[in-house]
Structure formats: C-alpha cells, structure tokens
1. Of GLY80, ALA104, PHE62, which is farthest towards the positive pole of the chain's charge dipole, taken about the Cα centre with +1 and -1 on the beta-carbons of Lys, Arg and Asp, Glu respectively?
2. Grab the alpha carbons of the stretch 37-114, take their convex hull, and tell me the volume per residue in Å³.
3. Spin-label point model (7 Å from Cα, Cβ direction): what's the SER13 to SER48 distance in nm?
4. With n ≥ 4 as the cut-off for DSSP H runs, can you work out [θ] at 222 nm for the chain, using -39500 (n - 2.57) per run divided by the number of residues, rounded to the nearest 500?
5. Looking at the chain as a GNM with Cα springs under 10 Å, which of VAL34, VAL45, VAL84 has the largest mean-square fluctuation?
6. On a full-extension model of 0.36 nm per residue, what is the gain between ASP65 and THR4, subtracting their alpha-carbon distance, rounded to one decimal in nm?
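Coordinate-derived values only; no laboratory data. The structure displayed is predicted, hence computed values, not measured ones. When we count neighbours, we look across all protein chains shown, and the Cβ atoms used for this are built from the backbone with ideal geometry, even at glycine.
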Amino acid sequence: MSTTVKHFHSAMSGAPTLNGTAGSLIAVLDACLVDGFGLKTADSVTVSGGVGTANFSAGHSFEPDVIALVTGATPAGLNGEKRVLTTSTNTITFDATDIADGTATGTITFKIAP
C-alpha cells in the first residue's frame, strides 16, 4: 500500500502550531517535513492476516489514511512508514502486508510520518 501521499491538518492531536511568533513557521515545517509529530509508544502490537493492531493505553493522534512512522519493532518488517487503516480511542490498525502473524516485541513507537 502506497505511503507516498501524506496529509496533515491543524486539528490533529499534537500537530505543530503556527502562532505568529518568530520561528513558528520553521517549527511547523520541521514537524511536518522532517521530524514528524505525535510520538506515542505502543503498549502492544500484533499482526494477523496482514493487518497490524497497535494498542495505546493513553490514546493516540492517528486518523484513518494518515501515514505512521513505526520504529523499534521486531520483526523489523514492521518498522517504516505504514498507512493507518482504522482507529478507535486506544487502538489503530495499519497495513502489515507480508509480515508473519504474531506479537511484535521491542519498544515500539509510532508518530505521524514527515
């Protein structure tokens, strides 16, 4: 599934803010184009049938169709940019095509991909 098109909007939780002060535009551009934003550590990540499910006890800032950048996961195939498929208050599902079914290990983080 393609991850080349990314979208952001100002109402996203954790989105950078353009507030009219010197340097705020650079901070917005850095967050959207270089660093990403909304970093969360998953409590658990499982894969079943090519779909990954990540659980976050403290909630998350993801929406369907945004691109998440995943790091720290084993198996390594889970790391990288993944399209979010569905969301609920504490859970997201994402594309995990070609990843074997099972529970991922590691300190797995997700953020809105730059």
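1. Farthest along the dipole direction, towards plus: PHE62.
2. Each residue corresponds to 72 Å³ of Cα convex hull volume.
3. Rounded to a tenth, the inter-label distance reads 2.3 nm.
4. -1500 deg cm²/dmol
5. The residue with the greatest mean-square fluctuation here is VAL34.
6. Computed gain between ASP65 and THR4 is 20.8 nm.
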